[in-house]
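Single-structure report; data block below.
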Amino acid sequence: MSNPLALKLLDWYQHNNRSLPWREEPTPYRIWVSEVMLQQTRAETVIPYFERWMVRFPTLEALASASQQEVLSEWEGLGYYSRARNLHQAAQKVVEEFEGNLPRDIEQLKSLPGIGRYTAGAITSIAFGQDEPALDGNIRRVLARVFDVNLPARSPAGEKSLWELARAHIPPGQAGDFNQALMDLGALICTPRRPRCTHCPIIESCKAFSLGIQEERPVTIKKQPVPHYDVSSAVIQQGGQVLIAQRPAHGLLGGMWEYPGGKIEPGENQEAALEREIREELGVEIQINSPFGVYQHAYTHFRVTLYAFLCSLNGDQPTPNYHTQLDWVEIESLEDYPMGKIDRQISAALLKSLEGFTCHS
């Protein structure tokens, strides 16, 4: 091999690669699911989700035939739920248009929901053995350091440069192992902070290390302050059941179930905001009975503090003016409905309060 960097990296990978369940049986379907799960999520977090997913949906056909609620339930806790919806829609499209076989052609792959340039490159190289580059966060960081890329890595010019470098150094016939070696190097050694440079198999090729600027690469664009929102939610009780609402299919937490409510506007207190939101979302008036906890969560681009209240209806039954559907649910059955983290915390608190009531009754 005339590419000394790839030769050293592949040799290192042969002896140091991470033991990951999708590598044990690298079918196109398993590689695809793993790559989607790994988007913006660490491998250690993904492993148990991947293993449960493969028990529940062992084949592409099994995924395609499942309901969206089943898919979202298996995904619950991984976040970025559009990934799960796209996987489901793409599986259905593969069954309908490609006879259940994930296409080998990279352009056909990119036509599927949720499959972009990186995921297509990873699938075609790892599952199909094609000489295609991939560029995830780990690979981006390794290449930016090795070749001292002084452009912001997430800028159009930086992305273009890094993709060109990734393609230029693929060892013919070994793109899958090469891409995975770069991923593992970034995860294990070329880490975002305090990289373990003295353990790196390609340290002699690293321009950033030779200049002593490895922690200054990749160049980043300064992030804007993360906004914070205060939110009120209603836990509406009726006859031993609680009301939950399914969010619209698209957008944040699309298809997930929640306790209705919304943002507290400037000048509003928590109770007034909740009464207004319920009036807008459900077309009903509520009686706010008591607070039911304060919950916090950080999403990708904003943070939320949510104030929950136990409530009851004043008269009319609610209608879904914003949500896809509403459901009155026994507290013990709330676990059957996929929810985001805050709403799941509220459900857990409800179940705990129910268990406490049962124990004392």
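The values are calculated or read from the model by the stated rules, or taken from the named source; none is laboratory data. As the structure is a prediction and not an experimental result, all values here were calculated from the model. Here the Cβ is made from the backbone with ideal geometry for all residues, glycine too, and neighbour counts use every protein chain on show.
Restrict the check to region 242-256 and report whether at least one residue is at positive phi, part of a loop (DSSP other than H, G, I, E, B) and of a type outside the set (Gly, Ala, Ser).
Yes: region 242-256 contains one or more residues that are at positive phi, part of a loop (DSSP other than H, G, I, E, B) and of a type outside the set (Gly, Ala, Ser).
If only one of 306, 310 is aliphatic (A, V, I, L, M), within 26 Å of residue 251 (Cβ to Cβ) and touching a residue at least 12 places away in the same chain (Cβ under 8 Å), which one is it?
306
Need pairs with beta-carbon distance below 8 Å; first residue assigned by TED's automatic domain parsing to the domain that holds residue 186 and within region 36-63, second basic (Lys, Arg); sequence gap 6+ or separate chains.
The qualifying pairs are 36/83; 37/83; 39/83; 43/18; 54/30; 62/56.
Return yes when residue 336 is among the acidic types (Asp, Glu) and either outside the structural domain of residue 245 (by TED's automatic domain parsing) or farther than 25 Å from residue 80 by Cβ (or both) and no when it is not.
no
Just give me the residues in region 1-37 being modelled with pLDDT under 95, among the hydrophobic types (A, V, I, L, M, F, W, C) and either part of a loop (DSSP other than H, G, I, E, B) or within 25 Å of residue 115 (Cα to Cα) (or both), in sequence order.
Answer for region 1-37, where residues must be modelled with pLDDT under 95, among the hydrophobic types (A, V, I, L, M, F, W, C) and either part of a loop (DSSP other than H, G, I, E, B) or within 25 Å of residue 115 (Cα to Cα) (or both): just 1.
What number goes with the only condition from (1) out of contact with any Lys or Arg (no Cβ under 7 Å at 6 or more places or on another chain); (2) within 30 Å of residue 191 (Cα to Cα) that residue 270 does not pass?
Unmet condition: (2).
Has region 334-344 got at least one residue that is small (Gly, Ala, Ser) and either more than 24 Å from residue 251 (Cα to Cα) or more than 21 Å from the chain's Cα centre (by Cα) (or both)?
No, that holds for no residue.
Taking region 328-341 as the region of interest, how many residues are within 12 Å of residue 77 (Cβ to Cβ) and in a helix (DSSP H, G or I)?
The total comes to 1.
Could you pull out the residue among 82, 67, 73 that is out of contact with any Phe, Trp or Tyr (no Cβ under 9 Å at 6 or more places or on another chain), of a type in the set (Gly, Ala, Ser) and within 20 Å of residue 342 (Cβ to Cβ)?
82
Every residue, every condition in (1) surrounded by 14 or more Cβ atoms within 10 Å (Cβ to Cβ); (2) modelled with pLDDT under 95; (3) in the same structural domain as residue 260 (by TED's automatic domain parsing), yes or no:
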{"site": "294", "(1), (2), (3)": "no, no, yes"}
{"site": "301", "(1), (2), (3)": "no, yes, yes"}
{"site": "311", "(1), (2), (3)": "yes, no, yes"}
{"site": "326", "(1), (2), (3)": "yes, no, yes"}
{"site": "331", "(1), (2), (3)": "yes, no, yes"}
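Given region 93-198, what helices (runs of 4 or more DSSP H) lie entirely inside it while holding 2 or more residues that are under 21 Å from the mean Cα position of the chain (by Cα) and modelled with pLDDT of 95 or more?
The qualifying helices (runs of 4 or more DSSP H) are 106-110, 117-126, 137-146, 175-188.
Find all pairs meeting these conditions: Cβ atoms under 7 angstrom apart; at least six residues apart or on different chains; first residue within region 66-79 and in contact (Cβ under 8 Å) with a residue 60 or more places away in the chain and buried (at least 18 other Cβ atoms within 10 Å of the Cβ); second residue of a type in the set (A, V, I, L, M) and part of a helix (DSSP H, G or I).
Listed by first residue and then by second, the contacts come to 72/84; 75/84.
Filter region 288-338 for residues that are among the hydrophobic types (A, V, I, L, M, F, W, C) and farther than 16 Å from residue 241 by Cβ and give the result.
If the condition is that a residue be among the hydrophobic types (A, V, I, L, M, F, W, C) and farther than 16 Å from residue 241 by Cβ, then 288, 294, 298, 302, 304, 306, 308, 309 are the ones that fit.
Report whether or not residue 315 is modelled with pLDDT of 95 or more, small (Gly, Ala, Ser) and not assigned by TED's automatic domain parsing to the domain that holds residue 88.
It is false that residue 315 is modelled with pLDDT of 95 or more, small (Gly, Ala, Ser) and not assigned by TED's automatic domain parsing to the domain that holds residue 88.
Are there any pairs, at least 6 apart or on different chains, whose C-beta atoms fall under 8 Å, with the first in region 272-287 and part of a loop (DSSP other than H, G, I, E, B) and the second buried (at least 20 other Cβ atoms within 10 Å of the Cβ) and aliphatic (A, V, I, L, M), and if so, which?
Between residues of region 272-287 that are part of a loop (DSSP other than H, G, I, E, B) and residues that are buried (at least 20 other Cβ atoms within 10 Å of the Cβ) and aliphatic (A, V, I, L, M), the close pairs are 284/278; 285/278.
Please go through region 204-220 and give me each residue that is part of a loop (DSSP other than H, G, I, E, B), of a type outside the set (Lys, Arg) and surrounded by 15 or more Cβ atoms within 10 Å (Cβ to Cβ), ordered by number.
Once the filter is applied, which keeps residues that are part of a loop (DSSP other than H, G, I, E, B), of a type outside the set (Lys, Arg) and surrounded by 15 or more Cβ atoms within 10 Å (Cβ to Cβ), region 204-220 yields 206, 218.
Let's see how each residue does on (1) in contact with a helix residue (DSSP H, G or I) (Cβ under 9 Å, 6 or more places away or on another chain); (2) over 15 Å from residue 144 (Cα atoms); (3) in the same structural domain as residue 271 (by TED's automatic domain parsing):
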residue: 190; (1), (2), (3): yes, no, no
residue: 193; (1), (2), (3): yes, no, no
residue: 201; (1), (2), (3): yes, yes, no
residue: 208; (1), (2), (3): yes, no, no
residue: 211; (1), (2), (3): no, no, no
residue: 236; (1), (2), (3): yes, yes, yes
residue: 239; (1), (2), (3): no, yes, yes
residue: 244; (1), (2), (3): yes, yes, yes
residue: 247; (1), (2), (3): no, yes, yes
